[in-house]
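Colleague: Could you have a look at this structure, given as structure tokens, before my questions?
The values are calculated or read from the model by the stated rules, or taken from the named source; none is laboratory data. For clarity, every value in this text was computed on a predicted model and none was experimentally measured. No Cβ is skipped: glycine too gets one built from the backbone with ideal geometry, and neighbour counts run over all protein chains shown.
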Amino acid sequence: MPELPEVETIKNELMPHILGRRLTGVTLCWEGIVRKPSVAEFHSRLIGQEITGLGRRGKYLIFNLSSGEALIIHLKMTGSLLLSPATDEPNKFTRAIIHLDNNCQLHFRDPRKFGAMWLVADINSVVRKLGPEPLNENFTPQLLLERLAKRKAPIKALLFDQSLIAGIGNMYADEALFSAGIHPERPGESLSPEEVERLHHSIQEVLWSAIGNKGASVDTYFRPNGKLGTAHFQFQVAHRGGQPCPTCGTPIARLPIRNRGSYFCPNCQAL
Ligand SMILES: [Zn+2]
């Protein structure tokens, strides 16, 4: 699933191609991808608008429009946004095509159909429940400590809870916990202030590093130019079950936490 570094990469790489462009049309190959408003209204309110800004909140991409409204896209499990020449045909996984006035198209591909689009006047109607952005200045070790207080859930589950911190998913939660030497099943409230400080540092480090490597292409993530990211080549534990821990050589273990496979080193991240 695309997480913060993947969505941030898509935002950065789309920006020069779409800022200031006008939307000339939208082709919906699968209407279920539009969550709000109705399909008819989605078309009529979107067409003719200029893209005045592109932002990210958690794993949501936010296209600011000249009307003051915003087009919000979530790629969910398997979505990708590909920039194509206007002559490119959709493939069987293309759910929507956004046509731009520079002979370019944005193809929203999504094999599993979990992805979604909203056209809204107030972005908070979609993203209100998200927790703080982990790369923002206001995300401090103290804030993380406060948010983990009285939380008995495993720290791994808390890290991918979007209302606690926005943008972290399964892969980067595993990487951050390994880097901080913390077992994924530790209750959030049990972490000492020193451990929280280490975890805070690790979260920012793994996210920045993954953005530098243009995201991780472990399954279906593509950059807008169709190329893959390389962040997964830097993974220490995520998706590396059975392989030796890069620090101590112990085989990396896999443990289901809230139905997601969690990878960790049983030695470096002892309970
Ligand atoms: Zn180890």
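Colleague: Condition first: among the aliphatic types (A, V, I, L, M), within 29 Å of F63 (Cα to Cα), under 15 Å from the mean Cα position of the chain (by Cα) and surrounded by 16 or more Cβ atoms within 10 Å (Cβ to Cβ). Can you find one or more residues in the range 148-163 that meet it?
Modeller: In the first step, residues of the range 148-163 are kept if they are among the aliphatic types (A, V, I, L, M); the result is 148-149, 153, 155, 157-159.
Keeping just the survivors that are within 29 Å of F63 (Cα to Cα) gives 158-159.
In the following step, the residues that additionally are under 15 Å from the mean Cα position of the chain (by Cα) were identified as 159.
Checking the rest, the ones that are also surrounded by 16 or more Cβ atoms within 10 Å (Cβ to Cβ) come to 159.
Yes, that holds for at least one residue.
Colleague: Report, by residue number, each residue of the range 216-258 that is under 17 Å from M77 (Cβ atoms), within 18 Å of the chain's Cα centre (by Cα) and not aliphatic (A, V, I, L, M).
Modeller: Those that are under 17 Å from M77 (Cβ atoms), within 18 Å of the chain's Cα centre (by Cα) and not aliphatic (A, V, I, L, M): S217, D219, T220, Y221, F222, G229, H232, H239.
Colleague: Further, regarding this structure: Taking interchain pairs and intrachain pairs at least six residues apart, which have beta carbon atoms under 6 angstrom, with the first residue in the range 256-271 and free of Cβ contacts under 8 Å to residues at least 24 places away in the same chain and the second among the small types (G, A, S)?
Modeller: Cβ pairs passing all conditions: P266/A253.
Colleague: Counting only residues that are under 30 Å from I165 (Cβ atoms), aliphatic (A, V, I, L, M) and surrounded by fewer than 17 Cβ atoms within 10 Å (Cβ to Cβ), how many does the range 1-53 have?
Modeller: Selection size over the range 1-53: 2.
Colleague: Restricting to the range 42-96, count the residues that are in contact (Cβ under 8 Å) with a residue 12 or more places away in the chain and not in a loop (DSSP other than H, G, I, E, B). Spell out how you get there, then give the answer.
Modeller: Within the range 42-96, the subset in contact (Cβ under 8 Å) with a residue 12 or more places away in the chain is 42-43, 45-86, 88, 90-91, 93-96.
Cutting the leftovers down to not in a loop (DSSP other than H, G, I, E, B) gives us 42-43, 45-46, 50-57, 60-65, 70-74, 80-85, 94-96.
The number of residues fulfilling the criteria is 32.
Colleague: Picking from R223, R198, which residue would you name as being of a type in the set (K, R) and under 17 Å from G181 (Cα atoms)?
Modeller: Values: R223 fails: under 17 Å from G181 (Cα atoms).
Exactly one of R223, R198 is of a type in the set (K, R) and under 17 Å from G181 (Cα atoms), namely R198.
Colleague: Tell me the residue from G261, G241, G249 that is over 21 Å from E195 (Cα atoms), within 16 Å of the ligand (Cβ to nearest atom) and surrounded by fewer than 15 Cβ atoms within 10 Å (Cβ to Cβ), please. Working first, answer last.
Modeller: Numbers: G261 fails: within 16 Å of the ligand (Cβ to nearest atom); G241 fails: surrounded by fewer than 15 Cβ atoms within 10 Å (Cβ to Cβ).
From the options G261, G241, G249, the qualifying one is G249.
Colleague: If you take the residues in the range 92-119 that are among the aliphatic types (A, V, I, L, M) and over 20 Å from the mean Cα position of the chain (by Cα), which one is surrounded by the fewest Cβ atoms within 10 Å (Cβ to Cβ)? Explain how you work it out, then say what you get.
Modeller: Of the range 92-119, the ones among the aliphatic types (A, V, I, L, M) are 96-98, 100, 106, 116-117, 119.
From what's left, over 20 Å from the mean Cα position of the chain (by Cα): 97-98, 100.
Details: I97: 21, I98: 23, L100: 18.
Among residues in the range 92-119 that are among the aliphatic types (A, V, I, L, M) and over 20 Å from the mean Cα position of the chain (by Cα), the one surrounded by the fewest Cβ atoms within 10 Å (Cβ to Cβ) is L100.
Colleague: Next question. Name the residue, out of L207, L199, that is hydrophobic (A, V, I, L, M, F, W, C), away from the ligand (no atom under 16 Å from the Cβ), over 30 Å from H17 (Cα atoms) and assigned to a helix (DSSP H, G or I).
Modeller: Numbers: L207 fails: over 30 Å from H17 (Cα atoms).
Exactly one residue qualifies, and that residue is L199.
Colleague: Which residue is modelled with the highest pLDDT, if the candidates are limited to the range 62-99 and must be among the acidic types (D, E) and more than 23 Å from K214 (Cβ to Cβ)? Working first, answer last.
Modeller: Initially, the range 62-99 is screened for residues among the acidic types (D, E), giving 69, 88-89.
The next check asks that each one be more than 23 Å from K214 (Cβ to Cβ); those that pass are 69, 89.
Numbers: E69: 98, E89: 88.
Looking at residues that are among the acidic types (D, E) and more than 23 Å from K214 (Cβ to Cβ), I get E69.
Colleague: Follow-up. Among the residues of the range 160-182, which ones are among the small types (G, A, S) and not in a loop (DSSP other than H, G, I, E, B)? Even if it seems obvious, please write down each step before you answer.
Modeller: The first filter runs over the range 160-182 and keeps only residues among the small types (G, A, S), leaving 163, 166-167, 169, 173, 176, 179-181.
Within the range 160-182, A173, A176, S179, A180 qualify.
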